[in-house]
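Some notes on the structure that comes next.
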Amino acid sequence: MTVSLDWDVRTLRIVTGTTGRKALKIDQVLSVPIPAEVKTDNAGSMGAFIGSALQKAKIRTKNAALQVPREQVNFCTLRLPASTQSDMASMVAFQIPKELPYPVDQAVVDFADRPTAEKAETSEVLVAAVLKSRLQFFLDVCGHAGLKPQHIGLRPNANEIAVNALLRATPQERVLFVDVGPTTTEIDVLHNGRLVFSRAASVTVSEGATSGGVADGEGRETTGPRLAVAAVVAGDRLGEVVRELMIEVTRSVEAYRATDPGMTLQHAVIGGATEIEEALGEAIQRQYNITAQAFNPAGVFGWDADRGAAAGAFASALGLLLSDVEPAGRRFDFLHPKKAETRAQKRIKKAPVALTTVAAATAAAVVFYFQTVKPQYDLRDGLRNEVKKLRKVLDEHEEFTGMVDEVTAYEQERIVWIDELHDLTGLMADNKRIVLKSMDMSQKDRDVEIPFGAVENNEGPAMVARLEAFRAEGAAASRYRATLGATSDKPGERYGNQGSIRIQAGEGKR
């Protein structure tokens, strides 16, 4: 939230608003009479009064926007080659010393580039200069009021923005804006929405003043009569005030006509709260044969007509807040004046562009990677994982196969003698003819040594023959190889033929 402040010798005008990207929301609009003991030209006195008024109104924001009145600036229009804002600032800095009645280093200079036809070769630039000492006064006022100045604008520029907002639905080619104050009246001319002339006239519409001066179009003071009237004027006295103001309006219009021969006004807007605005508007209508209206911003902010009518003197305070949503090049800000960029600043300014280009390229590469490359990598990684899994299964299968082979080989190599004995005993003759004395089995050599005793000496060879002829079921080779060892006879014994048979198990399956 920002508080916009505007004041004259009699009234402090306060507007609070919140600025969005392209819109302004007005929160409060109020005017506070300034007591006689408050010195408006003293920063301490005026600042303390403003701080007290804000506190009573329960306005807590510290962000403040102020404006320099027309009579306190030197004001001119320059036509310069269309260029960037930085180059425009360089040209203004070169040209403005010729326009000022004091050294340029004593002033703060700002300008506003007015929109012209697209691709125009030249541009109209409004330039205003305020003395640093005068600008310091506004900073001191903020300090005494406990405020932080965010924007110090130019009053005619704020009025221009407010009038353009008022006439947005019904734009006019040339508009006369007269903002009546108790001691000073600002007179502006707008051409196609652009401020082309501004002048402050000293006409007192309050008690006590008797003489004064008028600021001409260049900001120089010229002496002249000043009319003293009551704040509420009636009858012939009202006519005198209106005539005095019309003299100043005529002077202003003719001063502008000197720069734009043959021009005609189409419309007038009258601002102020001195109760002579209606009569002044009628006088302007008669003299220039144009339409006129009071400054009533109800339609701009969606207010009712009465609230808008009460804001007739708030054009500059409202316009100052409205300027925050205007392009920076079209508003004045003496707190942050436009300046030419140094080479270093230009390089720094270009750096983000380069970084943006790199970032955009990087972003495009990232998008391409995630949309095109990454899916391929993901597919590749997925296939690799599947291959790893299959390899693991294959390794496990090979390991299992090896174990099976080892078991098979072991089974083939191992002799289960209890099984072999089953077959061997089946091949032996009955014990009436032969007896086995013992069995000496060797797992390593896969053989068994069987000593025997037989009734007849042909039993040993017959047994060898039976062993050699034995085939396991489904086997082609003989299961056993049998060898008959040395034999001897022992007469008188029943099993007198003594010998041994060495039996070796073959590779054939049982």
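Under the condition of being surrounded by 17 or more Cβ atoms within 10 Å (Cβ to Cβ) and among the β-branched types (V, I, T), the residues counted in the range 12-25 number 3. I want to confirm something. Restricting to the range 15-43 and keeping residues that are hydroxyl-bearing (S, T, Y) and in contact with a helix residue (DSSP H, G or I) (Cβ under 8 Å, 6 or more places away or on another chain), which single residue is nearest to M1 (Cα to Cα)? Once the filter is applied, the top-ranked residue is T19.
Cβ-Cβ distances below 9 Å connect the following pairs, each with a first residue in the range 454-466 that is without any contact (Cβ under 8 Å) to a residue 60 or more places away in the chain, a second residue that is assigned to a loop (DSSP other than H, G, I, E, B) and aliphatic (A, V, I, L, M), and a separation of six or more residues or different chains: A454/A429; E459/A429; A462/A429; M463/M428; M463/A429; R466/M428; R466/A429.
Among the residues of the range 169-194, write down those that are closer than 24 Å to A279 by Cα and among the small types (G, A, S). Within the range 169-194, G181 is the sole residue that qualifies.
Comparison of Q85, Q72, Q67 shows that the only residue that is among the polar types (S, T, N, Q) and out of contact with any Gly (no Cβ under 6 Å at 6 or more places or on another chain) is Q72.
A single member of Q95, Q72, Q85 is under 20 Å from E326 (Cβ atoms), at pLDDT below 95 and either of a type outside the set (F, W, Y) or touching a Pro at 6+ places or on another chain (Cβ under 6 Å) (or both), and it is Q85. When we screen Q172, Q150 for residues that are touching a strand residue (DSSP E or B) at 6+ places or on another chain (Cβ under 6 Å) and in a loop (DSSP other than H, G, I, E, B), the only hit is Q172. Within the range 284-294, not a single residue is assigned by TED's automatic domain parsing to the domain that holds A89, surrounded by 16 or more Cβ atoms within 10 Å (Cβ to Cβ), closer than 30 Å to T84 by Cβ and not aliphatic (A, V, I, L, M). When we screen L167, L154, L126, L176 for residues that are touching a residue at least 12 places away in the same chain (Cβ under 8 Å) and in contact with a Lys or Arg (Cβ under 7 Å, 6 or more places away or on another chain), the only hit is L126. For the range 386-406, check the following and say yes or no: at least one residue is surrounded by 14 or more Cβ atoms within 10 Å (Cβ to Cβ) and farther than 19 Å from K490 by Cβ. No, that holds for no residue. Of the residues that sit in the range 113-132 and are assigned to a loop (DSSP other than H, G, I, E, B) and in contact with a helix residue (DSSP H, G or I) (Cβ under 8 Å, 6 or more places away or on another chain), which one is nearest to N63 (Cα to Cα)? Checking each candidate, the answer is R114.
Here's the yes/no breakdown for (1) closer than 18 Å to G506 by Cα; (2) touching a His at 6+ places or on another chain (Cβ under 6 Å); (3) in a strand (DSSP E or B); (4) without any contact (Cβ under 8 Å) to a residue 40 or more places away in the chain:
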site: N385; (1), (2), (3), (4): no, no, no, yes
site: H397; (1), (2), (3), (4): no, no, no, yes
site: L424; (1), (2), (3), (4): yes, no, no, no
site: K432; (1), (2), (3), (4): no, no, no, yes
site: M441; (1), (2), (3), (4): yes, no, yes, yes
site: E449; (1), (2), (3), (4): yes, no, yes, no
site: A475; (1), (2), (3), (4): yes, no, no, yes
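Looking for something basic (K, R), assigned by TED's automatic domain parsing to the domain that holds P327, surrounded by 14 or more Cβ atoms within 10 Å (Cβ to Cβ) and in a helix (DSSP H, G or I) - is there at least one such residue anywhere in the range 133-143? Yes - at least one qualifying residue is present in the range 133-143. Just one residue in the set L30, L78, L54 is over 30 Å from V127 (Cβ atoms), of a type in the set (A, V, I, L, M, F, W, C) and surrounded by fewer than 19 Cβ atoms within 10 Å (Cβ to Cβ); that residue is L30.
The values are calculated or read from the model by the stated rules, or taken from the named source; none is laboratory data. Bear in mind the structure is a predicted one, so any value in this text is a computation, not a measurement. Neighbour counts are summed over all protein chains in view; Cβ atoms, including those assigned to glycine, are modelled from backbone coordinates with ideal geometry.
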